[in-house]
Amino acid sequence: MDQPMELLQGTLDMLILKAVSLGPLHGYGVLLRVQQISKDRLEIQQGSLYPALYRLEHQGWITSEWGESENKRRAKYYRLTAAGKRKLQTEAEKWNRMADVIAGILRSTPEEV
Amino acid sequence: MTLWSRFRSWLRAAMGRSRMEREMDAELRFHIEAFAEDLARSGVPREEALRRARIEFGGIERAKEKCREARGLSLVESIVQDLRFGLRMLRKNPGFTAVAVITLALGIGANTAVFTVVNGVLLRAMPFPEAERLFLVSLTPGGGPFEWQPGVSDRDYLAFREQDQAFEQVACFTKGSTANLTGAGDPAQIPVAYVTTEFFSALRTNPEIGRGFLTGEGEPGNDSVVVLSNELWKDRFAADSEILGKTIRIDGLSRTVIGIMPPGFEFPGAKVWMPLAIRINEHNSFTRPVVGRLKPGVSPQQAQAELETFAEHQPLGPGESKKDRMAQIIPLKDLLVANIRPSLLMFAGAVAFVLLIACANVANLFLARAAGRGQEMAVRSTLGASHWRLVRQLLAESTLVSLIGGAAGILLAHWGVQALTALAPAGKVPRMEMVRIDGWVLAFTLGLSVVTGVVFGLVPAFQATGYGARRSLGQAARTVIGGHEGIRSVLTVSEMGLALILLTGAGLMLKSFLRLRAVNPGFSPHSVMTMTLDLPESTYTSASQIRTFHRRTLEELSRLPAVLASGAVNWIPLGQGLVMGTFQVEGGQRPRGFMVDKPCVSPSYFRAMGMPLLRGREFTESDNATAPGVAIVSQSVARTLWPGQDPLGKRISMEDEPKPEDWLTVVGVVDDVKQQGLAKNSEPAIYQPYLQVASTGFLSHMTFVVRTGSPPERVAAGMRAVLRNVDKNQPIAIASMDSLVATTTAEPQFQTRLLATFALVALALTIVGIYGVLAYAVAQRTREIGVRMALGAQSADVLQMFLRKALVLITMGITLGGAGAFALTRVLMKFLFEVKPTDVPTFATVALTLVLSSLAACYVPARRAMKADPMVALRYE
């Protein structure tokens, strides 16, 4: 298995939005979901996860409420808001365009320049 | 970020820091425990799993701190921070803070005091259940010779009561009557009200003890019942719990007490209520106030429409014309406050000006300080503080100052209200008992303080931060000055304008008051004492009985030591009432609409009052019932009826169709007197000797006047003894004529004093303001002055430079203020006596006063500039 990679600057917010877009999650759930869909190839600093969640909530992209976890404990669940959904879409498009451009640059050969 | 989420986030933060902290703890604990459980499931021992989970998570405290930051500083927290910082800044400049706080305390305190009175007198509800549903029904137009009283004639009242659909109940009552209460302590004249039996239930206030009036009470033979006010019951009857069923004597008649009203109930200003049955009398049609309670769901507009229809169809009474009727549905409170409202609103307007001036002054102070803080603002904005945050910081400071000023203002208002109630003319301001600093007043002051803080803080705040952010750090401190000076000049000019308006108003009122005081009433009021009596019909049934009483009293009064002359008149000038009417002229025609006062007087009345006899003779004791009828006319009667002829020997009659013995021969002429008030016209009068008047109605009310050689108050005891000697059952009302005159000028005097006080405060603030602006300009331009002087300018040039600047400001202020005064003083029209609201001498005097005092204020800083040493000035900074 590959060594997990550290996250690129500024991508954590997008990943959180994506994770909660698939269904309401508590903080630990966000962590697990990102690891699961990245097949353990991405590593999130647990300490930076919560400030990011609070920031996203303050900005109105996600919203939270207290609920019951799988193991019958009180946990705070985060859900994507309508504004968050739009934000995720634009962020994803921006990321894809950026990735294409970067990939294009990196693929270029001496002949093309 | 949506506004809503921002708001929710703030709201949550505002709900309590601790709850958020608890939630954050719970959330992080859940994370670590869930993580540890997962580890435990993969075989790690439980203790070890928890430990590993913590380590993996990293610094929990640091994460929490970042979470707090991410959530943003809550509004409440940052406001607390702003206030704390503001407080620190204010403490650092105690002089500045003190001046600002005192200025605002003056402005806010004066406004709070006036509002307390306005609130109590005009705004607070009448103390009845659902008082807002109570209205007066009125068909009388205003503009008569007396203060306007809403009312309905008895005839119209009976018809209206039959037809009316809008009111649950309508009740008719009298206002301003008095009666003699005897047999309960000293005899006393007390205010009473005669009310129809629906009165108490229309007000939905029943006696606390006993009962109200029953239907049919008030009819003759059935009307000897009475309801007492709680206060009278306590003062005069020692709160006798057995009083129901007992009889008391009012105007000499026995009446059975049937009820005691709850404490505080005294509408319409009475201590005793007696039943009234409305009957139509051939000769008299009374017009009295009528109160009604609207049915649920009926609006005042509907009632108004109903009353208008009624007025349209109700046949007119004898001698009545359509324009004698004006249908009006008026809030009940207006019965008491309609006449005082204009002057209270005038005070409220004037005092608002004082606050505006105070605001301008403090704004100037803040601007001056903002210039000094340009550097601080520049640093903070460079370090990342947002523009809005800096504005908020400065607004927090200004609001803090105004809140402290407001708190001090409440204290000032507490004394102010006491002073106002003490100075207010006795009996002229109704509902004074409602005046107190209550929750509404406190809310008003709080609101006013916050608004004030924002108003005077906004401009300096935007100025300071705007420049602070734009200028580079080094320049900030110096370059802001020019811009500020413009705004400060605008503030000063408007301040002067406002002050000029107030001063002009006060000047006009003062001139009017002095004119009023200088009015010759037609008699000489000094060294005269008066004693007024209302002899009750029940004891004094015939004219001869009353005359005997009068003659005995006059005899005894004239024997008192130091009495020069004593006389009697039934309606004293400047007193409570008068008899006015028509008459017939022998062989001539009375001009249309010419009516005269008809006083009955004793022989030596004119001497006692100091009214000079212009022609003929005075009345004597021999002008009695058996002698031929005589009369003395006032000058204007003689001039009007017999221009260019000798009035002596002419004959007139008070009867509409005089029989031979009804003719009165004119034997003398006296001056006209001011009967109704100094501000009113002198009135024509025809005097009759009281010994020749037969109607008890003209004799039972009598005022005895005594002219003395010693201070008039000294004979009061003697007068009292005389009355007790003649009839110990009569209440005593003794007053000096000077004080009666003063009563009639008490209201304008109060208005003048109050307006003058406001105007002087405004003037003082303005002078401080203009001084401040100029002193600041001089201080800021010290360097420039130094350069100019080094280049050869004379100190006179410098003085001229600053005085020119001051003159520009003053001229603009005077021009604007003069225009404003010209537009606004017309609201004073109805308060002014023989002075036009645009009185040129007053305008000129006031403007000159303001110019001179402003120039004096400017001279000090300008002189300082002149004396500046170029070397010192150049080294400045």
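The values are calculated or read from the model by the stated rules, or taken from the named source; none is laboratory data. Keep in mind it's a predicted model, so treat the numbers as computed, not measured. Every residue, glycine as well, gets a Cβ built from its backbone with ideal geometry; the counts of neighbours run over all protein chains shown. Ligands, DNA and RNA are stripped out before the accessible areas are found, and what is left, the full protein with its side chains, is counted by its heavy atoms. Shrake-Rupley method; radii C 1.70, N 1.55, O 1.52, S 1.80 Å.
What the table shows:
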| item | result |
| --- | --- |
| Spatial separation of Cα centroids for the range B:174-210 and the range B:706-757, in angstrom | 26 Å |
| Residue-level accessible surface for residue B:106, protein heavy atoms, 1.4 Å, Å² | 70 Å² |
| Between helix A:12-21 and chain A: long-axis angle, C-alpha atoms, 0 to 90°, nearest 10 | 60 degrees |
| Interchain or long-range residues, amide H under 5 Å from residue A:26's placed H | A:78 |
| Shape of the range B:321-453, Cα gyration tensor, a/c cut at 1.5 | prolate |
| Size descriptor, Kirkwood hydrodynamic radius, that averages inverse alpha-carbon separations across the range B:342-396, Å | 13.6 Å |
| Scaled radius of gyration (Cα, divided by 2.2 N^0.38 Å) that the range B:533-637 gives | 1.21 |
| Spacing of the two label points (7 Å from each Cα toward its C-beta) at residue B:186 and residue B:595, in nm | 3.7 nm |
| Convex hull volume per residue for the range B:813-877, taking Cα atoms only, in Å³ | 114 Å³ |
| The range B:29-115: mean projected area of Cα convex hull, nm² | 10.4 nm² |
| The range B:145-234 - Kirkwood radius from inverse mean 1/r over Cα pairs (Å) | 15.4 Å |
| Largest-first ordering by accessible area, 1.4 Å probe, given options B:440, A:66 | B:440, A:66 |
| Simple spin-label estimate for residue B:81 and residue B:621 in nanometres, 7 Å along Cα-Cβ | 9.8 nm |
| Helix-only [θ]222 nm of the protein assembly as shown, DSSP H runs n ≥ 4, -39500 (n - 2.57) each, per residue, nearest 500 | -17500 deg cm²/dmol |
| Accessible surface, 1.4 Å probe, highest first, among residues B:33, B:657 | B:657, B:33 |
| Efficiency of FRET between residue B:458 and residue B:231 - r from beta-carbon atoms, R0 51 angstrom, step 0.05 | 0.50 |
| Kirkwood-Stokes translational diffusion coefficient of the range B:106-186, alpha-carbon pairs, 25 °C, 0.890 mPa s, µm²/s | 144 µm²/s |
| Solvent-accessible area, 1.4 Å probe, carbon plus sulfur percent, for the protein assembly as shown | 58 percent |
| Calculated P(r) tail over 19 Å for the range A:5-107, as whole % of Cα pairs | 46 percent |
| Whole-number Å³ per residue for the convex hull built on Cα positions in chain B | 267 Å³ |
| Longest to shortest principal axis, alpha-carbon extents of the range B:613-672, angstrom | 30, 28, 17 |
| Computed E for residue B:162/residue B:760 - FRET, C-beta separation, R0 51 angstrom, nearest 0.05 | 0.30 |
| Cα long-axis angle, helix A:82-107 against chain A (0 to 90 degrees, to the nearest 10) | 30 degrees |
| Distance histogram for the protein assembly as shown (every C-alpha pair counted, 10 angstrom bins, percent rounded to whole numbers) | 2, 8, 12, 14, 14, 12, 11, 10, 7, 5, 3, 2, 1, 0, 0 |
| The range B:750-843 - Debye-derived log10 I(q)/I(0), Cα point model, q = 0.10 Å⁻¹ | -0.45 |
| Difference of contour (0.36 nm per residue) and Cα-Cα distance, residue B:224 to residue B:784 | 192.5 nm |
| Ordering of B:216-226, B:705-715 by burial proxy (mean other Cβ atoms within 10 Å per residue, highest first) | B:705-715, B:216-226 |
| Extension gain (nm, one decimal) between residue B:836 and residue B:442, 0.36 nm per residue minus Cα-Cα | 138.0 nm |
| Among A:68, A:91, A:43: highest mean-square fluctuation, GNM of chain A, C-alpha pairs under 10 Å | A:68 |
| C-alpha long axis of helix A:46-59 to longest principal axis of chain A, angle in ° | 80 degrees |
| Stretch gain in nm, segment residue B:204-residue B:388, where the contour uses 0.36 nm per residue and the Cα spacing is subtracted | 60.7 nm |
| Solution diffusion estimate, µm²/s, Stokes-Einstein, the range B:267-374, Kirkwood Rh from C-alpha pairs, 25 °C, viscosity 0.890 mPa s | 124 µm²/s |
| Simple spin-label estimate for residue A:38 and residue A:97 in nanometres, 7 Å along Cα-Cβ | 2.5 nm |
| At least 27 Å along the helix axis (C-alpha) and Kyte average at least 0.5, DSSP helices within chain B | B:94-118, B:341-372, B:387-423, B:439-470, B:473-517, B:737-780, B:795-824, B:840-866 |
| Residues with amide H under 5 Å from that of residue B:271, placed H, sequence gap 5 or more | B:192, B:193 |
